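The structure under discussion appears below in the form of structure tokens.
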Amino acid sequence: MARQKGCRICKKEAFIHLRYANLPLCKEHFVSRTESVVQEAINKFRMFSRKDKLLVAVSGGKDSLALWHIIAKLGYNADGIHIDLGLGEFSRLSSKISRDFAEKHGLYLHMLSINEELGASIHSLVKKRYEKPCSFCGAVKRYILNKASYELGYDVLITGHNLDDESARLLGNVLNWDEEYIYHQYPVLPKEGKMVKKVKPLVFISRKELASYCEAEGIEHIKIACPYATGARSLVLTDIMEQIESRYPATKLRFVKGFYKLRDRFMPPEKVILYECPDCGMPTSSERLCRFCRIKNGVKHDTAQTD
Ligand code: Q46
Ligand code: ZN
Ligand code: ZN
């Protein structure tokens, strides 16, 4: 903290010291720098234009709310979408915070519920099945977000994955040398049939910066964690990246930026043929029912047995 002399730009009291850039900044210059970094990522990866119909996936957490706030401040017109996962108090608070944010800023938020889409909450699915909660929660969320974006006519689905998420995911993919996963880890996934374009404008902003951005901009966000968050492999990888970063600042940025530059050297995997799910008609990698429909059928079966 001894180095926090004053903002590098205006010399006012420093609000934050960005260690990876050895850069002390006041609140105002930190906020504008963060927004510029997001704008640069949008431009660099040609994520979207002002003409596109945009949808932001909003969880109620700091990342997605900061993202929606920044996108709106940068002058883009973006609606939000929130899924109530049915995870007790955590979901009740997440939905309330998301709704309050939209109301406060005059933004439109689509509210969906996993109970309505699937006939069961994540809690009840966890009790009945022995799968890892995050595995099927993630699959169900991705399915619902894509389907809703497609059916509601949005051009681009924007998600709040940050630098910590991306560096941890890259570490996991490299440790497994899974070429397909490595190749597909990119801030832009293009539209393909009923798969809408997906983008991640926060890939160069860390979770700590996003927490500070929310503090600086007075953005209320959920502070409790999902009850299933502990023990997830992604958290272990995030923690390892954080430990390396604390000793060698800027490692996360170099790791992720370096990969994006080198990605084209990886051979793209053979194009996966997408089939239409015979039940819901959404894209899937086999001719059988998609994973969502298989989970949904399992829920129907369980309900029929308990009736
Ligand atoms: S909500 Fe779902 Fe996350 Fe909870 S169950 Fe895991 S994936 S941790 S972002
Ligand atoms: Zn300043
Ligand atoms: Zn299906």
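The values are calculated or read from the model by the stated rules, or taken from the named source; none is laboratory data. Predicted, not measured: the structure shown is a model, and the values here were computed from it. Quick reminder, even Gly has a Cβ in these numbers, built from the backbone with ideal geometry, and neighbours come from all protein chains shown. The accessibility values were calculated without ligands, DNA or RNA, using every heavy atom of the protein model including side chains. Shrake-Rupley method; radii C 1.70, N 1.55, O 1.52, S 1.80 Å.
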For residues that are assigned to a helix (DSSP H, G or I) and under 15 Å from Cys214 (Cα atoms), tally how many sit in region 8-27. 1
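Each row is one residue, and each column tells you yes or no for (1) open to solvent by less than 50 Å² (accessible area, probe 1.4 Å); (2) farther than 25 Å from Phe90 by Cβ.
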{"residue": "Asn176", "(1), (2)": "no, yes"}
{"residue": "Tyr183", "(1), (2)": "yes, yes"}
{"residue": "Leu189", "(1), (2)": "no, yes"}
{"residue": "Val196", "(1), (2)": "yes, yes"}
{"residue": "Phe204", "(1), (2)": "yes, yes"}
{"residue": "Ala211", "(1), (2)": "yes, no"}
{"residue": "Glu217", "(1), (2)": "no, no"}
{"residue": "Ala229", "(1), (2)": "yes, no"}
{"residue": "Gln243", "(1), (2)": "no, yes"}
Taking region 28-85 and keeping residues in contact with a His (Cβ under 7 Å, 6 or more places away or on another chain), part of a helix (DSSP H, G or I) and away from ligand 1 (no atom under 16 Å from the Cβ) leaves Ala72
Please pick out the residue among Phe259, Phe266 that is at pLDDT 95 or above, on the phi < 0 side of the Ramachandran plot and either open to solvent by 60 Å² or more (accessible area, probe 1.4 Å) or of a type in the set (Phe, Trp, Tyr) (or both). Phe259
Can you say whether Lys252 is open to solvent by less than 40 Å² (accessible area, probe 1.4 Å) and of a type in the set (Lys, Arg), as far as the supplied structure shows? yes
Say we look at region 86-103 and pick out the residues that are touching a residue at least 60 places away in the same chain (Cβ under 8 Å) and outside any loop (DSSP other than H, G, I, E, B); which of these is farthest from Ile222 (Cα to Cα)? Gly88
The one condition in (1) among the small types (Gly, Ala, Ser); (2) in contact with a strand residue (DSSP E or B) (Cβ under 9 Å, 6 or more places away or on another chain); (3) open to solvent by less than 20 Å² (accessible area, probe 1.4 Å) that Ser59 fails to fulfil: (3)
